[in-house]
Every structure is written in structure tokens, then in C-alpha cells.
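What follows is a short report on a single structure.
The values are calculated or read from the model by the stated rules, or taken from the named source; none is laboratory data. Keep in mind that what you see is a predicted model, and the values were worked out from it rather than measured. Positions of Cβ are backbone-derived with ideal geometry, glycine not excepted, and every protein chain shown enters the neighbour counts.
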């Protein structure tokens with residue numbers, strides 16, 4: 001029997017207590033994860049319920065999914081969501097990446113103030129940002145004009161104000177993620193490129209940008225996810241009659257609980273899982289250490 | 001041109017910053033100032049504002065009718081933070097005590113629910129907690145455990161459950177990070193000096209994980225205080241928080257100046273909290 005010094009110093013009772021302690025810790029861990037996952041699992045289960053109830057099981061059906069697909073309003077709001085997310089992510093990624101490079105690589109007057117401007121949209125609550133933008137679009141006369149656009153065979157009318165609102169909160173998130181990547185980046189390769197007479201642009205294009213790419217992709221994925229998930233800012237910046245998927249779901253919840261909402265929720269959960277999967281795969285490809293999973297994701 | 005840029009790095013920096021900076025100046029800083037100005041104006045008869053300076057909105061904020069909601073929101077946010085800590089600390093401890101491989105899988109499992117839509121997660125609790133048709137009451141009634149439905153919905157309890165569920169992961173992460181950084185030899189040293197498990201925890205582990213606890217509490221308290229969706233869905237229209245009062249000023253009451261004053265006060269409180277947090281962590285780092 002091998003005994004470590006600390007085993008010897010502990011009496012039998014103490015050893016048992018610590019074993020009991022680790023057992024109760026495990027039980028606790030399992031319960032913790034059950035708490036996190038059980039509500040989601042139950043939500044998905046009842047999307048297949050053959051009844052209007054979301055609490056009493058009455059047999060299996062996929063009818064709620066059929067109803068969901070046949071609901072033109074839901075499908076349209078899904079396209080709206082995707083359109084807003086794609087456009088706002090593209091803009092926020094470019095602006096946020098440029099800002100991150102300025103903030104991480106240079107020192108200049110007014111940097112502190114710029115730091116505050118970049119962090120504020122992350123800190124202040126959704127509802128405050130939403131009403132700020134609502135008042136602004138009203139007062140400035142920009143209003144809630146829609147962008148009429150053909151998107152995968154659907155005629156969409158997306159208010160510019162919604163896209164602007166999404167870009168406004170996403171720039172900061174992209175900048176934070178890209179900055180973290182820049183801060184951890186090895187600068188010797190860039191210096192080597194410059195020693196070999198590469199000019200600023202060539203160094204950026206051939207060395208910095210490829211090395212920075214995982215950070216930019218991570219930032220873009222985060223922006224895309226946040227944009228798809230946003231309810232509050234969209235709700236207040238859309239004027240009347242425009243719905244993204246979360247806004248539509250909120251309206252449906254207000255009118256009453258049905259398994260159809262569970263079906264839409266399941267669809268959105270599947271979308272989130274897909275995005276998380278993409279994020280994990282791209283992280284593994286870029287060879288980042290596993291601990292990184294806990295952050296940006 | 002290239003020469004000029006090379007000699008003036010600050011110009012390079014501002015060129016990089018200008019697109020994002022301009023965007024945020026117009027669509028974030030300007031709106032912020034407009035809200036500030038609005039909070040000192042009078043409401044118009046049919047919505048809109050009258051351009052006349054007044055402190056009336058801020059006086060009304062301290063009217064018991066509204067100030068009580070402020071206090072209730074703070075109370076809900078504090079309880080949410082407390083329960084997140086109570087559930088989150090052991091969970092973080094559990095994760096930190098696993099092998100590196102299991103640990104990263106568990107962190108992933110922890111964060112997956114967090115990255116799913118908040119509205120959906122709140123809705124999931126709506127289907128569980130509703131008074132007459134919620135899953136919990138239905139199950140307990142049919143098992144005969146209770147005779148009448150429990151008041152699980154449309155009150156502070158429901159809001160706190162929804163908020164704890166929503167924000168638990170951001171409490172666990174920083175605590176986990178602090179526990180992960182903890183040097184195991186310190187614990188062994190304490191044991192060698194005949195400290196009991198309770199003493200090791202109270203004298204070594206807890207103080208060293210405190211930065212994580214403070215960070216996690218900030219990350220939970222701030223969004224909980226400003227929440228809008230959770231009370232709107234789980235409060236059942238009866239239990240409201242400050243976020244709902246603000247939104248009502250814009251959606252129903254058409255009192256924009258008052259809504260602006262309320263949100264200015266909310267933002268000020270949060271910024272003060274955040275500044276205090278940063279200052280205390282900077283000071284702690286300087287001391288260390």
C-alpha cells in the first residue's frame with residue numbers, strides 16, 4: 001500500500017471525510033450541469049408533443065415543425081435575422097479589427113478616451129443602449145427607413161436603423177477579441193519581414209493579417225452570434241412591423257405558450273450549436289491551446 | 001505619403017481608428033449625449049419633448065413609486081448574484097479539481113447554454129414555472145405532493161430563477177480561472193501545518209479565489225440590474241424591474257424625458273460600480 005506523506009498525516013476519519021467531500025462535490029457538479037441542461041432538454045422534448053400543452057406528454061408528433069415551416073411570418077423573420085447578422089457582422093468586423101490594431105500597436109493622445117468609448121457599449125445594459133438609439137433615430141431624422149432588398153428569393157425590408165444598432169454594439173466585441181489575439185501574437189515574424197525589406201503594407205498583408213486571422217474569425221463569429229441572438233436593441237430600433245426571429249418569438253410568447261414556440265426555439269438552439277461547433281473547429285485548426293476555449297467562445 | 005505616415009505613427013493610428021471611431025461617435029456617443037440632454041427636458045403633450053430645462057425628471061426618479069422599483073431591482077440583482085455565487089463556487093471548484101482534459105470539456109459544457117439565445121432560455125423556464133400549466137406544478141400536483149399550485153410564477157422568485165439560470169456561467173468562469181491559478185503547494189503547506197480541510201478552505205483557498213469571486217459578481221450583478229427580458233416574461237406583468245419601467249416610458253407612457261432620466265441614473269450606478277471594481281483590482285495588483 002502506497003502512502004503519501006499527506007495521507008499519513010491525515011487520520012482515517014479525515015481521509016473518509018475528504019473522500020465524502022469529493023463525492024459530494026461530484027454529486028454537486030452533476031446537479032449543476034443538470035440544472036444548466038434540463039430546462040433546454042425539456043424545451044426540446046415538448047416541441048414534439050402531440051398536444052397544445054408544454055407540460056403534459058401526449059405522444060410524438062412533428063406537426064409543430066410543419067406548422068413552423070408553413071408560417072410565412074416565421075420564415076420571413078428568420079431571413080431578416082440572417083440578413084441583419086451577415087451585414088452587421090461584415091461591417092463590425094472590419095471596423096473593429098482596424099480599431100483593435102490602432103489600440104494595441106500604437107500609443108497616441110486620446111487613447112484612454114478611445115478605450116472608454118470602445119468598452120462602454122459592452123458594459124452598459126441593452127435596454128439603455130436600445131432607448132439611446134431609439135431617441136437618436138427619431139431626433140436625427142434618420143428614422144426607420146427600410147432597405148428593400150432581394151435576399152435568397154425573399155423580398156426583405158430591413159430598417160437601416162437595426163443594422164446600425166447591431167454594428168454599434170458589435171464593433172466593441174470584435175475589437176476586444178482581435179486585441180486579445182494581437183496582444184498574444186509573436187512580433188518577431190513581423191520584425192523579420194521588415195528586416196527583409198518588406199514595406200508596411202507587405203508586412204501587414206503577408207505576415208500580420210494571416211497570423212491575426214483566427215482572432216478576426218473569432219470576433220466575427222461572436223458578432224454573428226450576438227446579432228442573431230439580440231432581441232432588445234432590435235425591438236427598439238426597428239420602428240413598426242419589422243421582426244427578426246427573436247422579436248417574433250417574443251411576440252408569440254406574449255400571445256400564449258404553444259409547442260410551436262418550442263419548435264422555433266429548437267431551431268434556434270440548433271443554430272447556436274452549429275455556430276459553437278464552427279468556432280471550436282476553427283480554434284482547433286488554428287492550433288490554439290485548449291484553455292482558450294473558455295474565453296472568446 | 002508613405003514617408004509621412006512612417007514618420008508619424010500617431011497619424012497611422014488615427015487612420016486605423018477613424019472608421020470605427022467615427023461610427024461610434026455618431027451612433028453611440030451622440031445618442032448618449034442626446035439622452036443626457038433629454039433627461040433635463042419636459043415631456044410634450046402628445047409624446048415628444050418641450051425644450052425647457054427642468055430637474056423635474058430626476059426629482060420624480062426619487063418618487064417612492066419609481067424609487068421602490070430601483071430598490072427592488074437592486075434587491076433582485078443582489079439575490080441573483082448571491083445565488084449564482086452559492087451555486088457557482090462549488091461548480092467552479094468541481095471543474096477545477098478535474099483532470100485537464102475533462103476540465104476543458106466541462107468548461108465547454110458550461111458555456112454552451114450561455115451562447116444559446118437568452119430569450120429562449122427564459123422561455124424554457126416559463127414553461128416550467130407557470131402557475132397552472134407549468135411542468136413543475138403539473139408534475140407535483142399529479143404526484144400528489146401538493147394540493148394547490150405553488151406560486152412559482154409572476155413574482156420575484158421566478159425572475160431570480162431566470163436570472164440565476166441565465167448568468168450562472170459567467171459567475172463560474174472567473175472563479176474557475178482564479179482556482180486554476182492557485183498554487184497547490186500552498187494547500188499542501190497548510191496541510192503540513194495540520195490545518196483542517198475547513199481551515200485550508202477558509203484561510204488559503206477562499207482568499208486566493210476572491211478576485212474571481214469579485215469579477216464574477218460584477219459580471220452577474222450589472223446585467224441582472226439592467227435586465228428587461230426576464231422580468232417581462234417571468235414577472236408575468238406584475239413583477240417589474242427598472243428596465244421595464246424605462247421601456248414603458250417609450251412604449252406606453254410616451255414620457256421620453258423621464259425614461260431618459262431613469263436610464264441615465266441606471267447607467268451612472270453601473271459605471272460607478274465598474275470603476276470601483278477596476279480601481280480595487282488595480283490597487284490589489286499594485287499591492288501584490
Take residue B:22 and tell me if it is within 11 Å of chain A (Cβ to nearest Cβ), surrounded by fewer than 12 Cβ atoms within 10 Å (Cβ to Cβ), free of Cβ contacts under 8 Å to residues at least 40 places away in the same chain and in a helix (DSSP H, G or I). yes
State whether one or more residues within the stretch B:39-57 are assigned to a strand (DSSP E or B) and exposed (fewer than 15 other Cβ atoms within 10 Å of the Cβ). yes
For helices (runs of 4 or more DSSP H) lying entirely in the stretch A:103-198, having 1 or more residues that are assigned by TED's automatic domain parsing to the domain that holds residue A:243 and in contact with a strand residue (DSSP E or B) (Cβ under 7 Å, 6 or more places away or on another chain) picks out A:160-183
Any chance residue A:251 is at pLDDT below 95, over 28 Å from residue A:64 (Cβ atoms) and part of a helix (DSSP H, G or I): no
Selected residue [assigned to a helix (DSSP H, G or I) and at the interface with another protein chain (Cβ under 10 Å from one of its Cβ atoms)] from B:202, B:191: B:191
In the stretch A:5-45, how many residues are at pLDDT below 90, closer than 30 Å to residue B:123 by Cβ and within 7 Å of another protein chain (Cβ to nearest Cβ)? 2
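Residue-by-condition table, conditions (1) under 30 Å from residue B:106 (Cβ atoms); (2) in a loop (DSSP other than H, G, I, E, B):
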residue: A:26; (1), (2): yes, no
residue: A:39; (1), (2): yes, no
residue: A:44; (1), (2): yes, no
residue: A:53; (1), (2): no, yes
residue: A:57; (1), (2): no, yes
residue: A:74; (1), (2): no, no
residue: A:84; (1), (2): no, no
residue: A:91; (1), (2): no, no
residue: A:97; (1), (2): no, no
Wholly within the stretch B:64-160, helices (runs of 4 or more DSSP H) carrying at least 2 residues that are within 25 Å of residue A:273 (Cα to Cα) and modelled with pLDDT under 90: B:100-114
For the stretch B:208-247, enumerate the residues that are touching a helix residue (DSSP H, G or I) at 6+ places or on another chain (Cβ under 8 Å) and farther than 23 Å from residue B:271 by Cα. B:208, B:209, B:232, B:233, B:234, B:235, B:236, B:239
Looking only at the stretch A:127-149, count every residue that is more than 7 Å from every other protein chain (Cβ to nearest Cβ) and either over 22 Å from residue B:261 (Cβ atoms) or buried (at least 20 other Cβ atoms within 10 Å of the Cβ) (or both) and tell me the total. 12
Any idea how many residues of the stretch A:192-202 are touching a helix residue (DSSP H, G or I) at 6+ places or on another chain (Cβ under 9 Å) and either exposed (fewer than 13 other Cβ atoms within 10 Å of the Cβ) or under 19 Å from residue A:103 (Cβ atoms) (or both)? 4
Which listed residue is touching a helix residue (DSSP H, G or I) at 6+ places or on another chain (Cβ under 8 Å), at the interface with chain A (Cβ under 8 Å from one of its Cβ atoms) and buried (at least 17 other Cβ atoms within 10 Å of the Cβ), from B:13, B:92, B:30, B:77: B:13
The number of residues in the stretch B:108-125 that are crowded, with 23+ Cβ neighbours inside 10 Å and more than 19 Å from the chain's Cα centre (by Cα) is 1
